[in-house]
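Scroll down for the structure; my scribbles are underneath it.
The values are calculated or read from the model by the stated rules, or taken from the named source; none is laboratory data. On a predicted model such as this, the values are computed, not experimentally measured, just so you know. FYI the Cβ positions are ideal-geometry reconstructions off the backbone, even for glycines, and counts take in every protein chain you see. Calculation scope for accessible area: heavy atoms of the full protein, side chains included, ligands and nucleic acids excluded. Shrake-Rupley method; radii C 1.70, N 1.55, O 1.52, S 1.80 Å.
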Amino acid sequence: MGANLAIPYSTLLPDIEPSYGGGTVWASPPLSENLRRNDGLELKISLSARGHYVIRLGYTVTGSSILPPEVSVEINGAYQFLEAQRVPLVQYWKYETLDFPLNRYGDEVLPSQTILSTRLDYTLRDSSSLFREPLLFSFEEGENTVKVTLLSGEITLHSLEVLSLEVIPDYTKPDADRPKDDFITIVEAEHPSYKSDTTINSASSRSLDVVPFDTYRSLLNTFGGVSWKNGGQTVFYEFEVPSDGYYSIAFKYIQDSKSKMRVFRKITIDAPCHVKSSKATPLIPRPTGR
């Protein structure tokens, strides 16, 4: 595939046949490349079969910019589509404390946020998350050259992998029984473990259906609302279960911003989507929390 910077990915997508298998077809040796703006890294990659594959980067964000780092990706000396010129990476944020500070009126307010400084493994996607699958790049059989250039931010690059897509099955009821013990754990939405954007935040609701609630004070007791509206914005919650097995997950939410319309959320557990339906879970309109 030659270089044509004017061709958007959506134009090419109907003719792209993904390579399936769900595994790593090539992985770099461990790297420790400290990259700043306009720094690049070029790698020679040898593949046993031509095809369309995705690229996953392992990196740590080392800068302090509020905006996530961005990279460009050239395959064999060319940008294969428009979006390859500027691919945003993810940058996760966490609250400094979940014991929310109070203002002078006794109302809860948002705490400061800090960048998560742990290693991230991210499969490259389009900037607006318009496509369900990651970006697919065309590789030839034999030797290929991949050049990754950092356009903004600062990162330490740890690895680059080329992967085939995983076939995600339809949902079927598992043969195994759910754990017999009576178990329930409740995670309050306003207490995220970390999130992908500084603009999606805990918020206050005066609805009597929401807890915690205080008649005289404003409490942060929900998450998202009108700020959680852009594709790719993600929040993570961590919790423990007593044993391996199958469990049900329920959400209490209000969806009253789009009357008579569904909104969709992608649900992952420990990174992957386990069934197709979790890639776009519909949330039907609910004027009150259910």
From the residues in the stretch 234-245 that are open to solvent by less than 90 Å² (accessible area, probe 1.4 Å) and farther than 16 Å from residue 191 by Cα, which one is modelled with the lowest pLDDT? 245
So which residues in the stretch 18-71 are over 29 Å from residue 93 (Cα atoms) and among the β-branched types (Val, Ile, Thr), if there are any at all? 25, 45
Please specify each residue of the stretch 52-65 satisfying the condition of being assigned to a strand (DSSP E or B) and surrounded by fewer than 22 Cβ atoms within 10 Å (Cβ to Cβ). 52, 54, 56, 58, 60
Qualifying residue in the stretch 271-283 (condition: assigned to a loop (DSSP other than H, G, I, E, B), at positive phi and at pLDDT below 80): yes
Being within 21 Å of residue 35 (Cα to Cα), aliphatic (A, V, I, L, M), touching a Gly at 6+ places or on another chain (Cβ under 8 Å) and surrounded by 16 or more Cβ atoms within 10 Å (Cβ to Cβ) is the requirement here; does residue 165 meet it? no
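Is it true that residue 158 is over 30 Å from residue 76 (Cβ atoms) and in contact with a Phe, Trp or Tyr (Cβ under 9 Å, 6 or more places away or on another chain)? Working first, answer last.
Details: over 30 Å from residue 76 (Cβ atoms): no; in contact with a Phe, Trp or Tyr (Cβ under 9 Å, 6 or more places away or on another chain): yes.
The answer is no for residue 158.
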Between a first residue in the stretch 84-99 that is closer than 14 Å to residue 117 by Cβ and a second residue that is open to solvent by less than 40 Å² (accessible area, probe 1.4 Å) and among the aromatic types (Phe, Trp, Tyr), which pairs have beta carbons less than 6 Å apart while being 6 or more apart in sequence or on different chains? 90/122
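Only strands (runs of 3 or more DSSP E) wholly contained in the stretch 66-161 count here; list those with 1 or more residues that are of a type in the set (A, V, I, L, M) and either more than 21 Å from residue 196 (Cβ to Cβ) or open to solvent by 20 Å² or more (accessible area, probe 1.4 Å) (or both).
Working: elements: 70-75, 93-95, 113-115, 120-123, 137-139, 142-152.
Counting at least 1 such residues, we get 70-75, 113-115, 142-152.
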Within the bounds of the stretch 188-205, is there any residue that is part of a strand (DSSP E or B), surrounded by 12 or more Cβ atoms within 10 Å (Cβ to Cβ), of a type in the set (S, T, N, Q) and modelled with pLDDT of 85 or more? yes
Per-region count, the stretch 206-221, residues β-branched (Val, Ile, Thr) and open to solvent by less than 20 Å² (accessible area, probe 1.4 Å): 1
Would you tally the residues in the stretch 209-229 being part of a helix (DSSP H, G or I) and of a type outside the set (Gly, Ala, Ser)? 1
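Could you list, in sequence order, the residues of the stretch 25-51 that are outside any loop (DSSP other than H, G, I, E, B) and at positive phi?
Kept after step one, since they are outside any loop (DSSP other than H, G, I, E, B), are these residues of the stretch 25-51: 25-27, 33-35, 40-47, 51.
Correct list: 51 only.
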Only one residue in 231, 224 is closer than 13 Å to residue 189 by Cα and either open to solvent by less than 90 Å² (accessible area, probe 1.4 Å) or free of Cβ contacts under 8 Å to residues at least 24 places away in the same chain (or both), so which one is that? 224
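I'd like the residue in the stretch 213-224 that is farther than 17 Å from residue 105 by Cβ and of a type outside the set (S, T, N, Q) and, out of all such residues, is modelled with the highest pLDDT. Break it down stepwise before answering.
Taking the stretch 213-224 first, the residues farther than 17 Å from residue 105 by Cβ are 222-224.
Imposing the further condition that a residue be of a type outside the set (S, T, N, Q) reduces the set to 223-224.
Numbers: 223: 96, 224: 92.
Checking each candidate, the answer is 223.
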